[in-house]
Amino acid sequence: MKKVFGVLLVALLFVGCKQKINPADVEKINGYWEIEKVIFEDGEEKQYGMNESFDYFKIDVNNSGIRKKVMPQLDGTFLVNDTFENVKIRFADDQTFLDYSTPYMKWSEEILALSDTELVVLNAEKKEYHYKKTGPINLDDYGKKTK
(Lines give C-alpha, C1' and ligand atoms only; values in the text may rest on other atoms or scores of the structure.)
Protein backbone atom coordinates (compact mmCIF):
# COMPACT_ATOMS: atom_id res chain seq x y z
CA MET A 1 0.00 0.00 0.00
CA LYS A 2 2.87 2.36 0.81
CA LYS A 3 4.36 1.77 -2.66
CA VAL A 4 1.06 2.61 -4.37
CA PHE A 5 0.75 5.79 -2.33
CA GLY A 6 4.35 6.72 -3.16
CA VAL A 7 3.83 6.20 -6.90
CA LEU A 8 0.62 8.28 -6.81
CA LEU A 9 2.39 11.07 -4.93
CA VAL A 10 5.25 11.17 -7.45
CA ALA A 11 2.78 11.16 -10.38
CA LEU A 12 0.84 14.01 -8.79
CA LEU A 13 4.03 16.03 -8.37
CA PHE A 14 4.89 15.63 -12.06
CA VAL A 15 1.41 16.71 -13.14
CA GLY A 16 1.39 19.64 -10.70
CA CYS A 17 4.81 20.90 -11.80
CA LYS A 18 3.92 21.28 -15.47
CA GLN A 19 4.36 24.85 -16.70
CA LYS A 20 1.27 26.64 -17.94
CA ILE A 21 2.05 28.52 -21.17
CA ASN A 22 0.16 31.82 -21.47
CA PRO A 23 -0.56 33.69 -24.72
CA ALA A 24 1.87 36.38 -23.54
CA ASP A 25 4.66 33.76 -23.43
CA VAL A 26 4.38 33.05 -27.17
CA GLU A 27 6.71 35.89 -28.17
CA LYS A 28 9.52 34.12 -26.27
CA ILE A 29 9.60 31.44 -28.96
CA ASN A 30 10.82 33.90 -31.62
CA GLY A 31 14.47 33.54 -32.47
CA TYR A 32 17.13 30.87 -32.83
CA TRP A 33 17.02 27.61 -30.85
CA GLU A 34 19.74 24.97 -30.58
CA ILE A 35 18.88 21.43 -29.52
CA GLU A 36 20.62 20.32 -26.32
CA LYS A 37 19.20 16.86 -25.78
CA VAL A 38 16.40 14.42 -26.58
CA ILE A 39 14.76 12.29 -23.90
CA PHE A 40 13.14 9.15 -25.28
CA GLU A 41 9.99 7.52 -23.91
CA ASP A 42 12.05 4.91 -22.03
CA GLY A 43 14.03 7.66 -20.25
CA GLU A 44 17.18 7.27 -22.33
CA GLU A 45 18.86 10.58 -23.23
CA LYS A 46 20.80 11.66 -26.28
CA GLN A 47 23.01 14.70 -25.67
CA TYR A 48 23.94 17.08 -28.48
CA GLY A 49 27.17 19.04 -28.58
CA MET A 50 27.76 21.59 -31.30
CA ASN A 51 24.93 21.58 -33.83
CA GLU A 52 25.25 22.19 -37.55
CA SER A 53 21.78 23.72 -37.70
CA PHE A 54 19.45 25.76 -35.52
CA ASP A 55 15.68 26.09 -35.58
CA TYR A 56 14.53 29.63 -36.31
CA PHE A 57 10.98 30.57 -35.23
CA LYS A 58 9.08 33.69 -36.26
CA ILE A 59 5.59 33.81 -34.73
CA ASP A 60 3.35 36.89 -35.16
CA VAL A 61 0.63 38.36 -32.92
CA ASN A 62 -1.95 36.02 -34.50
CA ASN A 63 0.02 33.03 -33.12
CA SER A 64 1.05 31.87 -36.57
CA GLY A 65 4.35 31.97 -38.39
CA ILE A 66 7.20 29.76 -39.57
CA ARG A 67 9.95 27.43 -38.40
CA LYS A 68 13.06 27.24 -40.58
CA LYS A 69 16.31 25.29 -40.29
CA VAL A 70 19.33 27.59 -40.53
CA MET A 71 23.03 26.82 -40.53
CA PRO A 72 25.24 29.22 -38.55
CA GLN A 73 28.43 30.37 -40.24
CA LEU A 74 31.65 31.44 -38.53
CA ASP A 75 31.20 35.07 -39.62
CA GLY A 76 27.87 35.48 -37.78
CA THR A 77 25.64 34.90 -40.81
CA PHE A 78 23.30 32.00 -41.51
CA LEU A 79 22.99 29.74 -44.52
CA VAL A 80 19.29 29.42 -45.33
CA ASN A 81 17.15 27.93 -48.06
CA ASP A 82 13.53 28.37 -49.09
CA THR A 83 12.28 25.39 -47.05
CA PHE A 84 10.15 26.14 -43.99
CA GLU A 85 7.19 24.84 -42.02
CA ASN A 86 4.09 26.86 -41.24
CA VAL A 87 3.48 26.98 -37.49
CA LYS A 88 0.37 27.85 -35.54
CA ILE A 89 0.19 28.05 -31.74
CA ARG A 90 -2.88 26.28 -30.37
CA PHE A 91 -4.17 26.49 -26.81
CA ALA A 92 -6.34 23.55 -25.68
CA ASP A 93 -7.39 23.19 -22.03
CA ASP A 94 -4.15 23.55 -20.04
CA GLN A 95 -1.94 22.52 -22.94
CA THR A 96 -0.18 24.50 -25.66
CA PHE A 97 0.72 23.02 -29.03
CA LEU A 98 2.85 23.90 -32.02
CA ASP A 99 0.85 22.78 -35.06
CA TYR A 100 3.13 22.40 -38.09
CA SER A 101 2.13 22.08 -41.72
CA THR A 102 3.85 21.73 -45.06
CA PRO A 103 2.30 20.92 -48.44
CA TYR A 104 3.08 17.26 -47.66
CA MET A 105 2.09 16.69 -44.03
CA LYS A 106 0.80 18.05 -40.71
CA TRP A 107 1.92 17.28 -37.16
CA SER A 108 1.86 18.74 -33.65
CA GLU A 109 4.21 19.06 -30.70
CA GLU A 110 3.16 19.97 -27.17
CA ILE A 111 5.11 22.78 -25.50
CA LEU A 112 6.09 21.52 -22.04
CA ALA A 113 8.26 24.49 -21.04
CA LEU A 114 9.00 27.90 -22.51
CA SER A 115 11.17 30.67 -21.11
CA ASP A 116 13.56 33.27 -22.48
CA THR A 117 16.32 30.64 -22.60
CA GLU A 118 14.60 27.23 -22.74
CA LEU A 119 12.08 25.44 -24.95
CA VAL A 120 10.92 21.87 -24.30
CA VAL A 121 8.52 20.13 -26.70
CA LEU A 122 6.99 16.65 -26.77
CA ASN A 123 6.21 15.01 -30.11
CA ALA A 124 3.77 12.23 -31.03
CA GLU A 125 6.51 9.58 -30.59
CA LYS A 126 6.87 10.71 -26.93
CA LYS A 127 10.31 12.18 -27.58
CA GLU A 128 11.06 15.24 -25.48
CA TYR A 129 13.23 17.81 -27.26
CA HIS A 130 15.15 20.28 -25.08
CA TYR A 131 16.35 23.46 -26.79
CA LYS A 132 18.39 26.42 -25.60
CA LYS A 133 18.12 29.92 -27.02
CA THR A 134 21.09 30.83 -29.16
CA GLY A 135 22.19 33.37 -31.72
CA PRO A 136 24.78 33.99 -34.40
CA ILE A 137 28.30 32.63 -34.03
CA ASN A 138 31.04 35.10 -34.91
CA LEU A 139 34.62 33.94 -34.89
CA ASP A 140 35.71 36.57 -37.41
CA ASP A 141 36.67 40.12 -36.44
CA TYR A 142 38.13 38.88 -33.15
CA GLY A 143 34.84 38.47 -31.34
CA LYS A 144 33.09 41.69 -32.34
CA LYS A 145 29.34 41.52 -31.80
CA THR A 146 27.19 40.43 -34.73
CA LYS A 147 24.05 42.45 -35.38
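The values are calculated or read from the model by the stated rules, or taken from the named source; none is laboratory data. Given the structure is predicted, the values throughout are model-derived calculations rather than measurements. Heads up, the Cβs are rebuilt from the backbone with ideal geometry, glycines too, and the neighbour counts pull from every protein chain shown. Calculation scope for accessible area: heavy atoms of the full protein, side chains included, ligands and nucleic acids excluded. Shrake-Rupley method; radii C 1.70, N 1.55, O 1.52, S 1.80 Å.
Sorted largest first by accessible area at a 1.4 angstrom probe radius, with every protein chain in place, the residues 40, 57, 97 fall in the order 40, 97, 57.
Taking 55, 75, 82, 99 and ordering them by how much accessible surface each has at a 1.4 Å probe, largest first, produces 82, 75, 99, 55.
When nucleic acids and ligands are ignored and a 1.4 Å probe is applied, residue 67 ends up with an accessible area of around 20 Å². To the nearest 10, the accessible area of residue 88 is 100 Å² with a 1.4 Å probe. Per-residue 3J(HN,Hα) values for the stretch 74-84, derived from phi via the Karplus relation 6.51 cos²θ - 1.76 cosθ + 1.60 with θ = phi - 60°, read 5, 9, x, 9, 10, 7, 10, 10, 8, 7, 7 Hz in sequence order (x marks Gly and Pro).
Express the accessible area of the stretch 59-147 per residue in Å², computed with a 1.4 Å probe while the remaining protein chains stay in the model.
Per residue, the stretch 59-147 has 66 Å² of solvent-accessible surface.
Taking all protein chains as shown and a probe of 1.4 angstrom, residue 89 keeps an accessible surface of around 10 Å². Taking the Cα centre of the stretch 24-147 as reference, the dipole from Cβ charges on Lys and Arg (+1) and Asp and Glu (-1) amounts to some 460 debye.
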